[in-house]
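Asks: Encoded as structure tokens, here's the structure I'll be asking about.
The values are calculated or read from the model by the stated rules, or taken from the named source; none is laboratory data. Everything quoted here is computed from the prediction, not taken from an experiment. Neighbour counts are summed over all protein chains in view; Cβ atoms, including those assigned to glycine, are modelled from backbone coordinates with ideal geometry. Ligands, DNA and RNA are stripped out before the accessible areas are found, and what is left, the full protein with its side chains, is counted by its heavy atoms. Shrake-Rupley method; radii C 1.70, N 1.55, O 1.52, S 1.80 Å.
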Amino acid sequence: MKPFKILTGVFLLMVTGLTISGCNFGKTSEESRVSLVQSVNPEPAAVEGNKGNGLKTAEKVKKDIQAMPAIFDVAVIKGEKEILVAYKVKHMQRFQMKKIEKEINQKLEKNYPKETFIVSSDFKIFIEAIELKEKVKKNTYSKKQAEKQLQKIIKLKKELT
């Protein structure tokens with residue numbers, strides 16, 4: 001009888017754990033969940049929305065980075081002071097991550113000397129950028145809220161390095 005009680009307890013723990021972890025999926029958008037397994041090619045976004053030059057700059061940055069052969073997906077968010085560039089590298093190129101990031105930084109510094117860039121290949125940063133882009137696109141966030149969220153993502157990126 002004892003093994004049965006132990007197995008029942010383990011089973012209940014597993015079911016509870018799966019239920020709790022499954023609930024976290026509702027907090028992410030469909031596009032961010034799909035981005036883990038395939039290219040989603042997110043549109044660039046600017047904290048200020050469609051006003052000003054921010055969106056045009058973000059679009060140019062995205063085109064420049066996406067033109068690199070090792071990159072297959074890029075998310076760009078233009079903030080008030082910084083531009084977040086989150087990218088995914090093709091699978092066979094992952095061994096050259098340092099070299100690729102160095103090339104990206106050089107390209108961005110050369111083409112946009114007056115801008116400050118935060119560059120990351122981390123999936124978590126990529127997903128957070130897509131989430132922010134979705135909220136900016138749907139006008140869920142005000143400009144102030146979007147900038148605050150962008151700063152949180154940048155802080156997270158700095159903590160990861």
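Asks: Take the residues of region 128-148 that are of a type outside the set (Gly, Ala, Ser) and not in a helix (DSSP H, G or I): which is least open to solvent (accessible area, probe 1.4 Å)?
Replies: So the first thing to find is which residues in region 128-148 are of a type outside the set (Gly, Ala, Ser), and the list is 128, 130-141, 143-145, 147-148.
Then drop every residue that is not not in a helix (DSSP H, G or I), which leaves 138-141.
Details: Lys138: 138, Asn139: 127, Thr140: 84, Tyr141: 61 Å².
By that ranking, first place goes to Tyr141.
Asks: Which members of region 91-127 meet the condition of being surrounded by 14 or more Cβ atoms within 10 Å (Cβ to Cβ) and charged (D, E, K, R)?
Replies: Within region 91-127, Glu101, Glu103, Lys107, Glu115, Asp122 meet the criteria.
Asks: Identify all residues within region 64-102 that are touching a Pro at 6+ places or on another chain (Cβ under 9 Å) and basic (Lys, Arg); write none if there are none.
Replies: Lys78, Lys90
Asks: Out of the residues in region 77-112 that are in contact with a helix residue (DSSP H, G or I) (Cβ under 8 Å, 6 or more places away or on another chain) and without any contact (Cβ under 8 Å) to a residue 40 or more places away in the chain, which is farthest from Ser142 (Cα to Cα)?
Replies: Step one: list which residues in region 77-112 are in contact with a helix residue (DSSP H, G or I) (Cβ under 8 Å, 6 or more places away or on another chain), which gives 77-80, 82-89, 93, 100, 104, 107-108, 111-112.
Those left that are additionally without any contact (Cβ under 8 Å) to a residue 40 or more places away in the chain: 78, 83, 85, 87, 89, 93, 100, 104.
Details: Lys78: 14, Ile83: 18, Val85: 21, Tyr87: 25, Val89: 32, Gln93: 38, Ile100: 34, Ile104: 30 Å.
Within region 77-112, the match that is farthest from Ser142 (Cα to Cα) is Gln93.
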